[in-house]
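The values are calculated or read from the model by the stated rules, or taken from the named source; none is laboratory data. Predicted, not measured: the structure shown is a model, and the values here were computed from it. Every residue, glycine as well, gets a Cβ built from its backbone with ideal geometry; the counts of neighbours run over all protein chains shown.
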Amino acid sequence: MKKIVLFIVPVLFVACKKEQATKSVVQDTLALKTKKGSVTLIIDNKTYVYDHINWKKSKIKKEEDLHLRLLQSQLPNVEFKFPEIQKALSNGEGNFKVPDLNRGLKQLQLKFFDETRNVENKLNKHIVFRKGEIQAKLSGNNFTMSFTGEGGPMADKTITFPISGTININF
């Protein structure tokens, strides 16, 4: 009987420790999800809410330029390049037109890749934001932006549809 008790006590201890570790991982994951950021995207009147972004595979690079690549399973990949962000947002925020050839800095790029898009030419799974406005704000380790305009498939400039959304990212 003593051997059984000695065996059960360590097993219960390990099981309890494992449950606490699992709770901790789940809580940390939820905290990371809400701390890192959020995205809402509307392409061609279809709304996408990014509430489970794969932060391990996504890319956030902020130096002189800002480069975001956000990935979530079953949703279009979001790629945003903001060259010379420190210069462009020297007062913390700004409004930009796309395309804006008179800005004097490299062009902003906002692209999407929708693997589920049913098209004959695979290049048309790539969607480009071609014309519109972007409002951006950089404050410490937080970048927020909203955009509204139009775009279309990369390989077919004759097709256009509305694109809008918001991005809120913490570095």
Given the criterion surrounded by fewer than 17 Cβ atoms within 10 Å (Cβ to Cβ), of a type in the set (S, T, N, Q) and not in a strand (DSSP E or B), identify the matching residue among Asn124, Asn95, Asn118.
Asn118
Does the stretch 35-49 contain any residue that is among the aromatic types (Phe, Trp, Tyr), in a loop (DSSP other than H, G, I, E, B) and either closer than 28 Å to Arg117 by Cα or at pLDDT 50 or above (or both)?
no
Among Gln74, Gln86, Gln107, which is the only one that is outside any loop (DSSP other than H, G, I, E, B) and surrounded by fewer than 17 Cβ atoms within 10 Å (Cβ to Cβ)?
Gln86
Scanning the stretch 140-158 for residues that are touching a residue at least 24 places away in the same chain (Cβ under 8 Å) and in a loop (DSSP other than H, G, I, E, B), the one nearest to Phe129 (Cα to Cα) turns out to be Met154
Can you tell me which residue within the stretch 59-112, out of those that are among the basic types (Lys, Arg) and more than 25 Å from Lys46 (Cβ to Cβ), is modelled with the highest pLDDT?
Lys61
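A quick yes/no check of all residues on (1) part of a loop (DSSP other than H, G, I, E, B); (2) touching a residue at least 24 places away in the same chain (Cβ under 8 Å); (3) in contact with a Lys or Arg (Cβ under 9 Å, 6 or more places away or on another chain); (4) among the charged types (D, E, K, R):
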{"position": "Lys56", "(1), (2), (3), (4)": "yes, no, no, yes"}
{"position": "Glu64", "(1), (2), (3), (4)": "yes, no, yes, yes"}
{"position": "His67", "(1), (2), (3), (4)": "no, no, yes, no"}
{"position": "Glu79", "(1), (2), (3), (4)": "no, yes, yes, yes"}
{"position": "Asp100", "(1), (2), (3), (4)": "yes, no, no, yes"}
